[in-house]
1. Might you let me know whether the range 46-53 holds any residue that is β-branched (Val, Ile, Thr) and without any contact (Cβ under 8 Å) to a residue 60 or more places away in the chain?
2. So which residues in the range 100-146 are free of Cβ contacts under 8 Å to residues at least 24 places away in the same chain and not assigned by TED's automatic domain parsing to the domain that holds Val159, if there are any at all?
3. Being of a type in the set (Phe, Trp, Tyr), out of contact with any His (no Cβ under 9 Å at 6 or more places or on another chain) and at negative phi, is that true of even one residue in the range 141-163?
4. Before we move on, is Ser125 modelled with pLDDT of 95 or more and closer than 17 Å to Cys8 by Cα?
5. If the Cβ limit is 9 Å and pairs must be 6+ apart or interchain, which residue in the range 70-81 that is under 17 Å from Gly151 (Cβ atoms) pairs with which residue that is of a type in the set (S, T, N, Q) and outside any helix (DSSP H, G or I)?
6. As an exercise: evaluate Glu72 against (1) modelled with pLDDT under 95; (2) closer than 24 Å to Glu202 by Cα; (3) surrounded by 15 or more Cβ atoms within 10 Å (Cβ to Cβ) and give the number of the one condition it does not meet.
7. Give the residue that is nearest to Met170 (Cα to Cα), with candidates limited to residues of the range 88-136 that are of a type in the set (Asp, Glu) and exposed (fewer than 15 other Cβ atoms within 10 Å of the Cβ).
8. Which residues, counting only those in the range 18-37, are in contact (Cβ under 8 Å) with a residue 40 or more places away in the chain and either among the aliphatic types (A, V, I, L, M) or surrounded by fewer than 16 Cβ atoms within 10 Å (Cβ to Cβ) (or both)?
Amino acid sequence: MFTGIVECVGTVLEYNVFDGSEAGGQGISVVVGGAGSILEDCHIGDSIAVDGVCLTVTAFDQETFKVGISPETVKRTACAQWSTPGASVNLERAVRQDVRFGGHYVQGHVDTVARLVSKVPEGNSVVFGFQLRDSQYMKYIVEKGFVCIDGVSLTITRVDDHRATFYIAMIKHTQENVTLPGKRLNEDDVNIEVDLTGKVIEKQISVALEAQFEQEDSPLIRTLNRLIDAKLAARNNC
């Protein structure tokens, strides 16, 4: 798991559509450079979030590391943009138990992507607007809630459900230490991971309701029957 607090910005050195080497796994692989500050304690098999995508290290040296990418990851994320030579990416190692949890609970499991649609200065901050590719995820986007954008833990400031858009404000320090300010307006996509809490609650409620509906004498069914009987009785008395 991760926190959404970016440790450093790396540079994509290679984007291999087919890597036949053992480290490449006979699939897509990416080599990221400029990552020396997070590789001092690295091991093969470690997880590193690259623009918010949890990926497994298959090879590394003092400054670079290689990761493999599955077809599912390509479909879900904006990682195809890494094929642009010299693409910058946010990097974060998996969190240790002995550090402060400064952001929010981030899995590194990207849900969808969003297009950068607005960028407006506000004092020394910048307000960024995004439109989701898959509008069904808007139900997890709530004002003052968390969202992970390209691996950065951010707070949602405004939501427009009808347009599937939302906004975040980024302070100057964060602007100087992540890749988002360099994204192209109305051209570049970003990786979006919604807050896991909402998805877990939704699943638990859904399972509980389904179980109640499957039982003829469940508390929910009894309550619904009482409400229906009361409505019918009131109508008959009119």
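The values are calculated or read from the model by the stated rules, or taken from the named source; none is laboratory data. Predicted model, so just to flag it, every value in this text is computed and none were measured. Reconstructed Cβ throughout: ideal geometry from the backbone, glycine too, with neighbour counts over all protein chains shown.
1. Keep residues of the range 46-53 that are β-branched (Val, Ile, Thr), which gives 48, 50, 53.
Filter once more, so that each one left must be without any contact (Cβ under 8 Å) to a residue 60 or more places away in the chain: 48.
Yes: the range 46-53 contains one or more residues that are β-branched (Val, Ile, Thr) and without any contact (Cβ under 8 Å) to a residue 60 or more places away in the chain.
2. Looking only at the range 100-146, we keep the residues that are free of Cβ contacts under 8 Å to residues at least 24 places away in the same chain, and these are 100, 120-121, 123, 134, 136, 143-144.
Passing the criteria: only Arg100.
3. The first filter runs over the range 141-163 and keeps only residues of a type in the set (Phe, Trp, Tyr), leaving 146.
Then drop every residue that is not out of contact with any His (no Cβ under 9 Å at 6 or more places or on another chain), which leaves none.
Within the range 141-163, not a single residue is of a type in the set (Phe, Trp, Tyr), out of contact with any His (no Cβ under 9 Å at 6 or more places or on another chain) and at negative phi.
4. Working: modelled with pLDDT of 95 or more: yes; closer than 17 Å to Cys8 by Cα: no.
Against the criterion (modelled with pLDDT of 95 or more and closer than 17 Å to Cys8 by Cα), Ser125 does not qualify.
5. Arg76/Thr112; Arg76/Asn191; Thr77/Thr112; Thr77/Asn191; Ala78/Asn191; Cys79/Asn191
6. All conditions pass for Glu72, except number (3).
7. Taking the range 88-136 as the starting set, the residues that turn out to be of a type in the set (Asp, Glu) are 92, 98, 111, 122, 134.
Remaining after also requiring exposed (fewer than 15 other Cβ atoms within 10 Å of the Cβ): 98, 122, 134.
On the way: Asp98: 27, Glu122: 9, Asp134: 24 Å.
Filtering the range 88-136 for residues that are of a type in the set (Asp, Glu) and exposed (fewer than 15 other Cβ atoms within 10 Å of the Cβ), the one nearest to Met170 (Cα to Cα) comes out as Glu122.
8. Taking the range 18-37 and keeping what is in contact (Cβ under 8 Å) with a residue 40 or more places away in the chain, we get 19, 23-25, 27-30, 32, 35.
Selection gives Ala23, Gly27, Ile28, Val30, Val32, Ala35.
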